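Working notes, structure below.
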Amino acid sequence: MNGLLLVAGREIRTQVRSKSFVISLVISALLIGAVAFAPKILGGSDSFKVGVVASQRLQVWGDAKVEWKDYADEDAAKRAVLDGDVDAALVGGTKVLTDGEIDDQLGLLLQSAHREAQIGAAGVTVTPLVMQSVGADTRYQKTRTGIAVVLVVILFMLVIGTPMMVAMGVVEEKSSRIVEILLTSVRPVQLLGGKILGLGVVGLINLVAAIAAGLVGALASGLAVDFPPGMAGIVVGVVVWFVLGYLFFAAFAAMLASLVSRQEEVGNVLTPMTMTMMVTYGVAFYSTSDPTGTVATIASFVPPFSSMVMPVRAAAAEVPFWQVAVSAVAMAAAAVAVALLAARIYERAVLRTGARVRLLDVAKGR
């Protein structure tokens, strides 16, 4: 156990002290924070200033806020519009002055309020329709879908990137023969386990930073008010599913990488893993738009697809807890099975240098 922790500590220190890690961590956090903050910039303003000349202040309904400012005459109001002091000016209750095209939202607000004022002046009372949904609660659906899409991208980048670091580390130690020195102090399973554990902690640091940046951006932009109930559970679930997916693919990557001795061969030997990851990503991305569909539901129970599909389903829609639990148990069992196979292959192949070793030969002990 001490050997495993020593290897893990070495991997963590090596990564977090590198400039590339710090730079990539900062850049990814800024990008994710910017994505979360984007709705505030792209969504347009929900607060307006409107000048009034010889007109009554219209009653505006909805969430938008309108600040009214009185002017003595039309010329004064025109100057205020051109100077940018107000977004528009209502003159005589019949026309609106603007500097160029009026904001779409403000135009609709003024037209609607003006219409309501005329109806009220005519003595007509209009009773608004009561909107009642008899289906599922869809208030948070747009936000859920957006969260799911962001999660797919984050999980894909980390689940494919961190196991690749494991694979490159295995081949680097093997090609430089450092592994022969290391194995005089620790057992192969400790060396492999420590590498997977250490780089997994590095991946978790990246994931936590990404989630934190996203939450901060959402709070700053006001998007957080639209978060669905149970957001804390979604965040915790993402961390758990990352760990399960990482363990599966990291062990898979280490097993395949131990078969080669040159960095140039890593890409070819990892083809089965990268293809599996790409299919997993494709199914997960499809699930963001149809989280309760047949494809998403079935895939969320099948490892390793479940490592990305189930957290996406849980973010995009309400998923029964028993489904999440069954899927997690199946994914954990698959990760353990791959880890045990990887330990066996790694122990037999890591000291074999030269030409690429066939996986079947190593598995049979030849």
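With a requirement of 1 or more residues that are surrounded by fewer than 18 Cβ atoms within 10 Å (Cβ to Cβ) and within 23 Å of the chain's Cα centre (by Cα), the helices (runs of 4 or more DSSP H) lying completely within segment 286-354 that satisfy it span 294-299, 321-349. Scanning segment 179-200 for residues that are closer than 14 Å to GLY9 by Cβ and either of a type in the set (Phe, Trp, Tyr) or under 33 Å from the mean Cα position of the chain (by Cα) (or both) yields a total of 10. From the list THR162, THR127, the one residue that fits, being modelled with pLDDT under 80, out of contact with any His (no Cβ under 9 Å at 6 or more places or on another chain) and not assigned by TED's automatic domain parsing to the domain that holds LYS95, is THR127.
Counting only residues that are surrounded by 14 or more Cβ atoms within 10 Å (Cβ to Cβ) and under 35 Å from the mean Cα position of the chain (by Cα), segment 86-108 holds 3 of them. When ALA113 is tested against (1) crowded, with 16+ Cβ neighbours inside 10 Å; (2) closer than 26 Å to THR127 by Cβ; (3) at pLDDT 80 or above, just one condition goes unmet, and that condition is (3). Going through segment 355-365 one residue at a time, which ones are touching a residue at least 60 places away in the same chain (Cβ under 8 Å) and part of a helix (DSSP H, G or I)? LEU359, VAL362, listed by residue number.
Among the candidates SER289, SER307, SER300, the residue that is in contact with a Lys or Arg (Cβ under 6 Å, 6 or more places away or on another chain) and of a type in the set (S, T, N, Q) is uniquely SER300. Which of the residues belonging to segment 248-273 are among the hydroxyl-bearing types (Ser, Thr, Tyr), over 18 Å from LEU340 (Cα atoms) and crowded, with 16+ Cβ neighbours inside 10 Å? The answer is SER261, and nothing else. Can you tell me which of (1) assigned to a helix (DSSP H, G or I); (2) modelled with pLDDT under 85; (3) surrounded by fewer than 13 Cβ atoms within 10 Å (Cβ to Cβ) is the one ILE23 doesn't meet? Failing condition for ILE23: (2).
The values are calculated or read from the model by the stated rules, or taken from the named source; none is laboratory data. Owing to the predicted nature of the structure, the values given are computational and were not obtained by experimental measurement. Reconstructed Cβ throughout: ideal geometry from the backbone, glycine too, with neighbour counts over all protein chains shown.
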